[in-house]
Amino acid sequence: MTYETLDYQVEDGVLTLTLNRPDRMNAFNGLMRRELIAAFDAADADDAVRVVIMTGAGRAFCAGADLEKGGDTFNRHKRQDQPEGDDLRDGGGTVSLRIYECTKPVIVAFNGAAVGVGVTMSLPADIRMASTNAKFGFVFARRGITMEACSSWFLPRLVGPMQAAEWVYTGRVFSAEEALKGGLLRSVHEPDELLPAARELAREIADNTSAMSAALNRQLLWRMMAADHPMEAHIIDSRAIAFMGESEDAKEGVSSFLEKRAPQFKLRPSQDKPPFYPWWEERKFR
C-alpha cells in the first residue's frame, strides 16, 4: 500500500512508522486516521514485523488535529472525515482502539511536539520515549472541547488520576522532563540519540522473544487493567501458559537457553493464535 501521510519502513523485524506531514507538523486529519488503521492492519498481518516504532518527520511528532477548518474543526456536522457508520465515533478513538488491538509491541519515539490527539493516540502504545525537544499537551479544555481518543480510559491508568487531572484540567503544554516525572514516558534522550535508543529496545524484543508470547503478553497486560478480580487473570493466564507450554516455542526457549544460543521461534501471531483468542469477546470465562 502507498501512504500519503505516513512512511512505512520494515527492516530486520522492526517497522518504523513515521507520521509524514512535516509541513503541517504532522497534524492529524481524516486521511492520516485511515492510513494509521491500515498500517496497523498491515503490521499485524505481516509476521516479518516483530515490533512497531512510531515517530514523526520534521520537528514535531504530531501537533494535534489539523485546524485548517478554523472554528468548525471539531464540528461533526461540518466534517467530511468521520468514521463510517456511527457519526458520533471520535476519529482519534478509532486509531487508539486499533493500536490497542495490535499483536505487536508498540514503541513511540516522540521527536517533537505531541499535543491533543498527537499524544492521546500514543497512550495505547507499550513504551513511550522522547527527545529533549518534545513537548506535550492535553489541551482540550483550552480549545473548548473534551478528552478524546479513549484517553479518559488510558491516561489515568498510565499516570494515575491526580496527574491526569492536572494535565487535563489545566490544558497546559509541558516539557519532556515533566512527562517523564509524571510517568508518561520511559526515558528522555538527546535528539540524535532517540531513534537509536528506540531501535535498540526494539531489537532486544525482536531478537530474543517469541512473537506469539509477545502477542499474548501484550493483550494480557492491557486487558487485565479492566478486570475486577485477580481470578480473571488467573483463568486466562492458565489458558495461555497451557497453550504456550505445549508449543514448539516453549521447547525452543528452553533448549536455546540450555545450549547458550540465540532462539529460533516459529509460532506466527497472524496464523497460530490459540483457540481461545480473543478471549475478551467471551461473555463468561468459564
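Within segment 16-32, the set of residues being out of contact with any Asp or Glu (no Cβ under 7 Å at 6 or more places or on another chain) and buried (at least 19 other Cβ atoms within 10 Å of the Cβ) comprises 16, 17, 19, 21, 25, 26, 32. Taken together, the criteria exclude residue 241 from residues that are of a type in the set (Val, Ile, Thr), in contact with a strand residue (DSSP E or B) (Cβ under 7 Å, 6 or more places away or on another chain) and either part of a helix (DSSP H, G or I) or within 21 Å of residue 157 (Cβ to Cβ) (or both). State yes or no: is residue 35 over 23 Å from residue 198 (Cα atoms) and modelled with pLDDT of 95 or more? When the stated conditions are applied, residue 35 does not pass them.
A single entry from 228, 249, 237, 192 fulfils the requirement of being acidic (Asp, Glu), more than 18 Å from residue 122 (Cβ to Cβ) and modelled with pLDDT under 95: 228. For residue 56, the conditions (1) modelled with pLDDT of 95 or more; (2) in contact with a Phe, Trp or Tyr (Cβ under 6 Å, 6 or more places away or on another chain); (3) of a type outside the set (Phe, Trp, Tyr) are fulfilled apart from (2).
If I ask for residues that are in a loop (DSSP other than H, G, I, E, B) and among the hydrophobic types (A, V, I, L, M, F, W, C), which ones from segment 128-142 would you list? 134, 138, 139 - these are the residues of segment 128-142 that are in a loop (DSSP other than H, G, I, E, B) and among the hydrophobic types (A, V, I, L, M, F, W, C). Within the span defined as segment 194-208, every residue fails to be closer than 20 Å to residue 278 by Cβ, polar (S, T, N, Q) and either surrounded by 12 or more Cβ atoms within 10 Å (Cβ to Cβ) or not assigned by TED's automatic domain parsing to the domain that holds residue 128 (or both). The residue that is surrounded by the fewest Cβ atoms within 10 Å (Cβ to Cβ), counting only those in segment 87-127 that are part of a loop (DSSP other than H, G, I, E, B) and among the basic types (Lys, Arg), is 89.
Only one entry of 216, 184 meets the criterion of being crowded, with 19+ Cβ neighbours inside 10 Å and not in a helix (DSSP H, G or I), and that entry is 184. Would segment 269-282 turn up any residue that is modelled with pLDDT under 95, farther than 25 Å from residue 51 by Cβ and out of contact with any Phe, Trp or Tyr (no Cβ under 9 Å at 6 or more places or on another chain)? Within segment 269-282 (the criterion being modelled with pLDDT under 95, farther than 25 Å from residue 51 by Cβ and out of contact with any Phe, Trp or Tyr (no Cβ under 9 Å at 6 or more places or on another chain)), the answer is yes, since at least one residue qualifies. Summed over segment 155-181, residues that are more than 20 Å from residue 222 (Cβ to Cβ) and either among the small types (Gly, Ala, Ser) or assigned to a loop (DSSP other than H, G, I, E, B) (or both) total 6. Can residue 51 be described as surrounded by 21 or more Cβ atoms within 10 Å (Cβ to Cβ), of a type outside the set (Ser, Thr, Tyr) and over 14 Å from the mean Cα position of the chain (by Cα)? Answer is no for this residue.
The values are calculated or read from the model by the stated rules, or taken from the named source; none is laboratory data. No experiment lies behind these values; they were computed from the predicted model shown. Note that we place each Cβ from the backbone using ideal geometry, even for glycine, and neighbour counts take in every protein chain shown.
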